[in-house]
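Before any comments, here is the structure.
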Amino acid sequence: MTRTRVRLTFPSNLIQEPILYHLVKDFDIVINIRRADVKEDYGWVALEMEAGEDTLARGVKWLKDKGVQVDPIERDVIA
Amino acid sequence: MAKLKGLKCRECGRQYPATPVHVCEFCFGPLEVDYQYEALKGVVTRESIAAGPPSMWRYKDLLPIEGEVAVGHHVGFTPLIRAQNLAEELDCKEVWIKNDSVCHPTWSFKDRVVAVAVTKAREFGFDTVACASTGNLANSVAAHAAEGRLKSYIFIPADLEQGKVLGTLVYNPTLVAVHGTYDEVNRLCSEIADKYRWAFVNVNFRPYYSEGSKSFGYEIAEQLGWRTPQHIIVPCAGGSLITKIWKALKELKTLGLIDGPVKTKMHAAQALGCGPIVTMIKNDSDVLRPVRPNTIAKSLAIGNPADGYYAYKVAKESGGHGEHATDEEIIEGMLLLARTEGIFTETAGGVTVAVTKKLIETGVIPRGESVVISITGNGLKTPDALYERLEAHVKIKPSLSAFDRALADLKNQAS
Ligand SMILES: Cc1ncc(COP(=O)(O)O)c(C=O)c1O
Ligand SMILES: [Zn+2]
C-alpha cells in the first residue's frame, strides 16, 4: 500500500460533481480529508490517499483528466 | 539558553518538537519555528547584535540554530544604500536599496535561507542535502554543501538550458535532470523528499530554511538605525520572504529593539505572467488560484506558492498592497536601477523596481515617505534577459579620425 498527501484544486465547473465519491468507489482508494475550503465557484481539499501504487496512479490520472489540479501537499517545490 | 520552543502548525496551532518535519500530522498545515521570546528578552540587545560578526549570524540568537554555524559564515549584512539618484528619478523623497545582489557567496538572498538549512542539516546529523531548482536556490545549495562537505542532489527539469546550470555544476553536486512535465518533476521531488533521509532544504527543512529570510528584515531595521521604514517592496515567488521580513520586524518590536509601533506597509511585487499573490491582494480575496507561469522573471515563476496565503495576509495586515509588472516593465526596471545606482540586478529586481515605480505613480506610496526596495538577486547570473535590448553604441575603425567623427555624431544626436 502507498500513501500520499495531496492538495486537490477544483475549478468552478467541478464544484458540484461528486468527484471524491467516484475516486473512492470506482478506484477503491481510501481517502482521509484533513482540511478544505470550498467556495461557490472554486475549492481545494487537502487529503491523504491510500491504495496500491498503480491504483493511486490511475486515480490521479483520472482526477487530472477530469480537470482537477493535483499537487503535492507542499505545492510547488521547484524554486 | 533554550530559545527554541519547537515547531507550531500555522493552521491549527498544534506543537511539535524541533525535528525535521514540515507538515502538521493532523491538518496538513505548514509548520513554523516557535521561540521562547521571554527567554530572549534582555539577552538579545542592540549592543549584543552590534558586537556580532558583520554577517547574518549577528542575529544567530533569533535563528533556529542551536550549535555552531557550520557553513556560510559570511552570508548577509549586505549594504543598505540611500538611493539618491533613483529617488530623484522616481520623484520620491527617501528611497533605500537593500542590496542582496552582492550577498556572499552566490549573489542572491537564497544564501540566507540555505546557510540556515545546511547548518541545521548538520546539526540533525544529515549527510546529504537536496533541492529542486532552476536557478538561485540550486547555486546556493550546491555551494554551501561543498563548503560543509555534504553530499548534494540538485533536481532540475531536463529541458533547462545548460548555461543555466553551470553556476551549480561547478560546485560538483549530483545534478539530476528529470524528463517530464513541470507537474511530474514537482511531484517526484516531493516523493523523494518523503522517502529519503535527506535534508531537502525547501521541503522537509522548510520551517528552518525559511527562517533565514528574517535576517533580511533585521538588517533593514538595524541599518536604518533601529527604525522601520514606511514601505518595503518585496519580490514574491513562494511567498516566504515577505512573510519572514514581517515576522522579523514584529520580533524586534517584541524584544524591545525598535522604538514605537511597526508601521511598515509590506508590498508584494510579482510579474504579470505569474502573479497569483498580487492577484489575491488586488481582488481582496483569500483564495489563491494557481497559474501557469509565463514570464521572463524565472526566479519568481511559482504558480502555486506554498506561502501565498500568508503573503497575502501580510500585505493586508500591514496595510500594504501589490502590483504586477509586465516583461517590458521588468526590463525597464533593471535598466533603471543600473542607470541610476550602478546596480545590476536580475529580473526579480526588475520586478521590484518596476512595481515600486507603479506604486508611487498610483499614489499608493506617498512621495514623501520612506521606501526600502528589496533587491534579492544579481543580474550577471542571467544576462540573457537583456541580450536583445542592449548593444554597443559606437562601432569604429581603429583610427583617431574615425573616433573623432563618431564622437561628433554622438554629440549632435544628443543635442
Ligand atoms: C532573486 C529572488 N528573489 C525573490 C524570491 C522570492 O522568494 P520567496 O519564494 O520566498 O517568495 C526568489 C526565489 O524564490 C528569488 O530567487
Ligand atoms: Zn495543524
Practice prompt. Answer yes or no as to whether B:Tyr16 is closer than 30 Å to B:Phe126 by Cα, open to solvent by 20 Å² or more (accessible area, probe 1.4 Å) and more than 14 Å from every other protein chain (Cβ to nearest Cβ).
Written response: yes
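For B:Thr78, indicate whether it is closer than 26 Å to B:Asn202 by Cα, hydroxyl-bearing (Ser, Thr, Tyr) and within 16 Å of ligand 2 (Cβ to nearest atom).
Judged against the criteria, B:Thr78 is not a match.
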Item to complete: Return a yes/no flag: does region B:99-108 have any residue that is within 15 Å of ligand 1 (Cβ to nearest atom) and of a type in the set (D, E, K, R).
Response: yes
Worksheet item: Considering only region B:9-42, how many residues are under 18 Å from B:Leu63 (Cα atoms), away from ligand 1 (no atom under 16 Å from the Cβ) and outside any strand (DSSP E or B)?
Response: 11
Worksheet item: Can you pull out the residues in region B:197-253 that are open to solvent by 10 Å² or more (accessible area, probe 1.4 Å), within 14 Å of chain A (Cβ to nearest Cβ), of a type in the set (A, V, I, L, M, F, W, C) and more than 12 Å from ligand 1 (Cβ to nearest atom)?
Response: B:Trp198
Worksheet item: How about region B:265-299: which of its residues are open to solvent by less than 10 Å² (accessible area, probe 1.4 Å), under 19 Å from A:Ala79 (Cα atoms) and outside any loop (DSSP other than H, G, I, E, B)?
Response: B:Ala268, B:Ala269, B:Gln270, B:Ala271, B:Cys274, B:Pro276, B:Ile277, B:Val278
Item to complete: Select from region B:7-65 the residues that are within 16 Å of ligand 2 (Cβ to nearest atom) and hydroxyl-bearing (Ser, Thr, Tyr) and write down the one among them that is farthest from B:Val102 (Cα to Cα).
Response: B:Tyr16
Worksheet item: Which residues, taken from region B:138-173, are touching a Pro at 6+ places or on another chain (Cβ under 8 Å) and among the β-branched types (Val, Ile, Thr)?
Response: B:Val141, B:Ile154
Fill in: Cross-chain or 6+ apart pairs with Cβ under 6 Å, region B:396-415 first and at pLDDT 95 or above, then in a helix (DSSP H, G or I) and of a type outside the set (Phe, Trp, Tyr)
B:Ile396/B:Ala402; B:Ile396/B:Ala406
Worksheet item: Do any strands (runs of 3 or more DSSP E) entirely within region A:21-79 hold 3 or more residues that are touching a strand residue (DSSP E or B) at 6+ places or on another chain (Cβ under 8 Å), open to solvent by less than 20 Å² (accessible area, probe 1.4 Å) and away from chain B (no Cβ under 13 Å), and if so, which?
Response: none
Worksheet entry | Residue match in region B:297-309 (condition: among the polar types (S, T, N, Q), away from chain A (no Cβ under 14 Å) and away from ligand 2 (no atom under 16 Å from the Cβ)) | no
Fill in: Verdict on B:Tyr182 being open to solvent by 50 Å² or more (accessible area, probe 1.4 Å), more than 16 Å from ligand 1 (Cβ to nearest atom), at negative phi and among the aromatic types (Phe, Trp, Tyr)
no
Worksheet item: Which one of B:Val129, B:Val141 is within 16 Å of ligand 1 (Cβ to nearest atom) and either crowded, with 24+ Cβ neighbours inside 10 Å or under 22 Å from the mean Cα position of the chain (by Cα) (or both)?
Response: B:Val141
Worksheet, complete the sentence: With criteria (1) farther than 30 Å from B:Arg14 by Cα; (2) of a type in the set (A, V, I, L, M, F, W, C); (3) without any contact (Cβ under 8 Å) to a residue 40 or more places away in the chain, A:Leu63 comes up short on (3)
Worksheet, complete the sentence: Counting only strands (runs of 3 or more DSSP E) wholly inside region B:85-167, the ones holding at least 3 residues that are under 27 Å from B:Arg339 (Cα atoms) and either away from every other protein chain (no Cβ under 14 Å) or of a type outside the set (Val, Ile, Thr) (or both) are B:94-99
Discussion item. Which condition from (1) in a strand (DSSP E or B); (2) crowded, with 18+ Cβ neighbours inside 10 Å; (3) away from chain A (no Cβ under 14 Å) is the one that B:Trp57 breaks?
Written reply: (1)
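The values are calculated or read from the model by the stated rules, or taken from the named source; none is laboratory data. Just so we're clear, the structure is a prediction, and the values are computed from it rather than from any experiment. Neighbour counts run over all protein chains shown; Cβ positions are idealised from the backbone, glycine included. We work out accessible area using only protein heavy atoms, side chains counted, and drop any ligands, DNA or RNA first. Shrake-Rupley method; radii C 1.70, N 1.55, O 1.52, S 1.80 Å.
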